[in-house]
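Below: the structure, in structure tokens.
The values are calculated or read from the model by the stated rules, or taken from the named source; none is laboratory data. Small disclaimer: the values here were computed from a predicted structure and weren't measured. Using ideal geometry, Cβ is built from the backbone for each residue, glycine included, and neighbour counts are taken over all protein chains shown.
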Amino acid sequence: MSIRIGIDVGGTFTDFLVIYPDGRRRIHKTSSVPSDPPQAVLNGLIELAEIEEQPLNNFVARIGLIVHGTTVTTNALLTRRGPKTAMLVTEGFRDVLPMRHGTREEPYDNRLAQPEPITPRALRLPITGRIDYQGKEVTALSEADVRSAAATLREAGVESIAVSFMHSHANHEHERRAAELLREELGDVYITESAELLGQARYYERSSAAVLNSYAGPIISRYLTTLTGILDSVEFGGLLLMMQSNGGVATPDELAKRAALSLLSGPASGPTSGLLVVDEHGWDSCITVDMGGTSFDAAVVKGGKPLIMTDGEIDRWSIALPAVDIHTIGAGGGSIASVDEGGLLSVGPQSAGAAPGPACYGRGGTRATTTDADVVLGYLDPDSFLNGQMSLDRAASEEAIRRDVAEPLGLSVLEAAAGIYEMVNVSMATGVRDITVRRGLDPRDFPIVVAGGAGPVHAAAIAHELEIPVLITPRDSSIFCAAGMLVCDFKHDYVQSAHDRLDMIDPATLAATWTRMAEEGRATLHGEGVTDEAISFEPSLDLRYKGQWYELTIPVDPAAVSSAPDLATIAETFHAEHDGLFGYNSPEMPIEILNIRLSAVGRTSDERISLNSEVAVNLPVGAGRREIYSPQRRQMVEVEVYRGAAMGPGTKVAGPAIIELGTTTIVVLDQYDCVVDKSGSFVMYLRDRADEVIGRLNL
């Protein structure tokens with residue numbers, strides 16, 4: 001057995017979870033390096049080797065697996081610091097990107113600017129050639145047009161190209177040939193064929209995904225080259241896996257081919273961690289919230305699986321690849337508070353990040369942030385932050401809030417800090433409400449699993465806003481995503497459009513399509529070292545009532561991959577899902593199939609990973625008293641402070657109180673009590689719902 005490490009690179013900190021062969025765990029955090037993200041990985045390995053008192057190469061030689069998640073492509077896209085990207089389109093469709101769906105996002109906002117296309121019009125080049133909706137060639141591909149476009153793009157210095165032709169999902173030959181010609185003319189330019197990436201109808205969605213993939217491709221390729229070079233330099237001989245936005249992992253080579261799956265991949269392992277936590281109490285569903293230094297991520301796990309979306313957007317551009325449905329807002333510990341010209345307080349989305357950071361960090365930051373408010377409100381102890389490894393400057397926090405918020409609004413520093421705290425909490429509660437209610441789910445039916453360094457400080461306020469009675473904070477919640485990465489499976493998704501009625505399609509046709517996809521998935525997983533015994537398949541169909549515009553993805557019995565599926569059962573499931581989401585169904589209406597889907601899954605490990613470190617039995621539970629702000633009483637109150645590391649299973653705390661852990665602080669508000677469960681997690685619950693909650697907890 002060898003060491004396994006999960007590495008989650010965030011905007012402020014890079015988290016390491018080290019699992020030793022004997023089951024021991026080590027948690028480590030190091031500051032992220034936004035200008036050179038792989039450097040944070042190396043810094044963390046160096047620091048871990050020093051803690052182990054071993055030479056770096058000796059420590060790295062013991063590592064058998066590194067699973068890594070990064071936001072490098074997402075950040076590059078949002079800041080437009082990516083490669084010059086071009087696009088070949090069918091003649092007459094040069095403006096497929098700016099036209100998008102042909103509708104306005106906000107019909108009543110006449111000032112809403114359209115998003116800037118990633119590829120400017122001058123680099124979206126029309127090509128003669130046409131395939132019809134049945135896949136028949138109407139007009140031959142003009143190879144002369146493709147070669148001429150290649151010359152233009154060579155002169156423009158493009159680094160990547162998306163090839164997206166009309167109806168290529170029905171016949172891929174024109175795109176395939178155009179890509180061959182581009183490679184002949186341009187050499188190693190990164191090229192995406194839209195139908196190979198996303199073989200489904202809807203030209204805008206497929207084109208947007210292809211462009212995003214081409215934009216992300218050179219970025220993630222360079223990142224992986226740098227990262228693998230760093231690991232090679234320290235003689236790493238184990239397996240490196242990368243997190244994908246669909247909730248699975250892949251080898252670097254596979255991720256580089258489908259680079260768009262690195263977009264939104266950073267928090268994608270969080271829901272898997274959430275499931276590990278609630279499973280201790282018999283739940284198979286939960287809401288996960290992860291608040292770090294830069295952003296807040298919310299996701300839903302239902303029926304033992306993270307909810308997946310195929311209609312996602314990033315920076316207002318469609319990315320129709322399957323991805324874990326995560327709602328992200330710019331609300332983190334580093335989110336900057338400001339007052340606009342109209343006298344309105346806002347918090348985020350701008351962030352102070354890791355550098356210069358909040359004013360209290362003493363690293364040059366001067367703007368008031370959420371963390372500064374938490375310090376002023378007493379939730380964070382300046383002397384014990386990060387286990388005492390980093391001291392916070394309360395006076396700097398007070399000065400920043402006074403200047404940026406209190407004086408412009410005519411408030412005291414305490415009132416201004418409370419306003420920042422409440423504003424960011426309402427924003428996060430709105431994000432949770434959005435991800436649940438729009439799917440027909442009631443957030444009050446789910447426990448919340450809290451993660452991130454800043455999450456436990458704000459979670460009780462978020463839960464109270466949403467009337468959610470139970471919150472569970474793992475003892476090591478700050479390494480939530482890093483832990484999830486180590487239990488995520490390999491996963492690759494395949495799709496093929498098929499515009500047929502469900503009651504008229506031959507079941508054997510569906511089975512044959514799934515069989516073909518399964519063989520492709522099996523070959524990919526074999527290439528990643530997965531054996532047949534660890535491979536499984538998850539077929540599904542995108543269905544809608546005839547005449548509808550949007551569809552629902554309905555899971556199908558895995559046996560359908562090798563035998564004809566039961567269409568009647570599929571129809572019944574669709575009617576039930578439609579009723580649950582929209583409040584009605586129409587069994588008399590014909591059901592249409594839009595897409596045939598299959599996920600190929602390669603199991604990585606059956607081993608469970610706990611998010612709870614051992615209890616420090618030699619420490620006293622009490623850690624003194626201090627004043628904190630009570631939102632209910634709207635004043636400072638003196639409360640007990642507890643050492644979370646010394647609180648064993650069964651320990652109870654009545655709110656209001658503070659529980660301090662090495663990498664986070666749990667704020668127990670007035671209406672809540674907290675108990676440590678059998679696994680070591682901190683379960684907070686509404687005091688007036690105690691009888692209902694306590695009975696089902698594993699204490």
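Quick look at the numbers
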item	result
Hits in the range 56-97 (condition: more than 29 Å from residue 169 (Cβ to Cβ) and assigned to a strand (DSSP E or B))	63, 64, 65, 66, 67, 68, 69
Residue that is surrounded by the fewest Cβ atoms within 10 Å (Cβ to Cβ) [pool: residues in the range 478-504 that are β-branched (Val, Ile, Thr) and closer than 30 Å to residue 385 by Cα]	487
Test: residue in the range 528-537 that is among the polar types (S, T, N, Q) and more than 30 Å from residue 371 (Cβ to Cβ)	yes
Residue satisfying all of: in the range 643-677; closer than 15 Å to residue 378 by Cα and among the β-branched types (Val, Ile, Thr); nearest to the chain's Cα centre (by Cα) among these	664
Matching residues in the range 91-112 - criterion: being out of contact with any Gly (no Cβ under 9 Å at 6 or more places or on another chain) and in contact (Cβ under 8 Å) with a residue 24 or more places away in the chain	92, 93, 94, 95, 96, 97, 99, 100, 101, 105
Residue in the range 151-166 that is among the charged types (D, E, K, R) and either farther than 30 Å from residue 69 by Cα or more than 29 Å from the chain's Cα centre (by Cα) (or both) present	yes
Selection from the range 112-171 of residues that are among the acidic types (Asp, Glu) and more than 27 Å from residue 594 (Cα to Cα)	116, 143, 145, 155, 159
Within the range 555-588, considering residues that are charged (D, E, K, R) and part of a helix (DSSP H, G or I), the one nearest to residue 303 (Cα to Cα)	577
Single residue of the range 288-308 satisfying the filter (among the β-branched types (Val, Ile, Thr) and at pLDDT 90 or above) that is surrounded by the most Cβ atoms within 10 Å (Cβ to Cβ)	288
One residue from 484, 527 being under 30 Å from residue 292 (Cα atoms) and either at pLDDT below 95 or under 27 Å from the mean Cα position of the chain (by Cα) (or both)	484
Qualifying residues in the range 90-127 (those that are under 16 Å from residue 206 (Cβ atoms) and touching a Leu at 6+ places or on another chain (Cβ under 9 Å)) - the one modelled with the lowest pLDDT	117
Some residue of the range 432-448 being of a type in the set (A, V, I, L, M) and touching an Asp or Glu at 6+ places or on another chain (Cβ under 6 Å)	no
Residue check, residue 79 in contact with a Phe, Trp or Tyr (Cβ under 6 Å, 6 or more places away or on another chain) and of a type in the set (Val, Ile, Thr)	no
Single condition residue 372 does not satisfy, out of (1) in contact (Cβ under 8 Å) with a residue 60 or more places away in the chain; (2) in a helix (DSSP H, G or I)	(1)
Qualifying residue in the range 559-579 (condition: aliphatic (A, V, I, L, M), without any contact (Cβ under 8 Å) to a residue 40 or more places away in the chain and within 24 Å of residue 323 (Cβ to Cβ))	no
Test for residue 214: is it more than 21 Å from residue 35 (Cα to Cα), touching a helix residue (DSSP H, G or I) at 6+ places or on another chain (Cβ under 6 Å) and touching a residue at least 40 places away in the same chain (Cβ under 8 Å)	no
Set 593, 694: member being at pLDDT 95 or above and either in contact with a His (Cβ under 9 Å, 6 or more places away or on another chain) or not hydroxyl-bearing (Ser, Thr, Tyr) (or both)	593
The lone exception for residue 115 - which of (1) buried (at least 20 other Cβ atoms within 10 Å of the Cβ); (2) over 18 Å from residue 171 (Cβ atoms); (3) of a type outside the set (Val, Ile, Thr) it fails	(1)
The range 650-699 - residue that is among the small types (Gly, Ala, Ser) and assigned to a strand (DSSP E or B) and, of those, nearest to residue 476 (Cα to Cα)	657
In the range 1-24, the residues that are surrounded by fewer than 18 Cβ atoms within 10 Å (Cβ to Cβ) and either within 21 Å of the chain's Cα centre (by Cα) or not aliphatic (A, V, I, L, M) (or both)	2, 20, 21, 22, 23, 24
Odd one out for residue 339, checked against (1) crowded, with 22+ Cβ neighbours inside 10 Å; (2) β-branched (Val, Ile, Thr); (3) modelled with pLDDT of 90 or more; (4) assigned by TED's automatic domain parsing to the domain that holds residue 413	(1)
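Listed here are the residues, each with its yes/no results for (1) in a loop (DSSP other than H, G, I, E, B); (2) surrounded by fewer than 18 Cβ atoms within 10 Å (Cβ to Cβ).
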residue: 147; (1), (2): no, yes
residue: 152; (1), (2): no, yes
residue: 170; (1), (2): yes, no
residue: 174; (1), (2): no, no
residue: 179; (1), (2): no, no
residue: 191; (1), (2): no, no
residue: 205; (1), (2): no, no
residue: 213; (1), (2): no, no
residue: 220; (1), (2): no, no
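Listed here are the residues, each with its yes/no results for (1) closer than 25 Å to residue 259 by Cβ; (2) among the charged types (D, E, K, R); (3) assigned to a strand (DSSP E or B).
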{"site": "498", "(1), (2), (3)": "no, no, yes"}
{"site": "504", "(1), (2), (3)": "no, no, no"}
{"site": "510", "(1), (2), (3)": "no, no, no"}
{"site": "526", "(1), (2), (3)": "yes, no, no"}
{"site": "530", "(1), (2), (3)": "yes, no, no"}
{"site": "533", "(1), (2), (3)": "no, yes, no"}
{"site": "536", "(1), (2), (3)": "no, no, yes"}
{"site": "542", "(1), (2), (3)": "yes, yes, yes"}
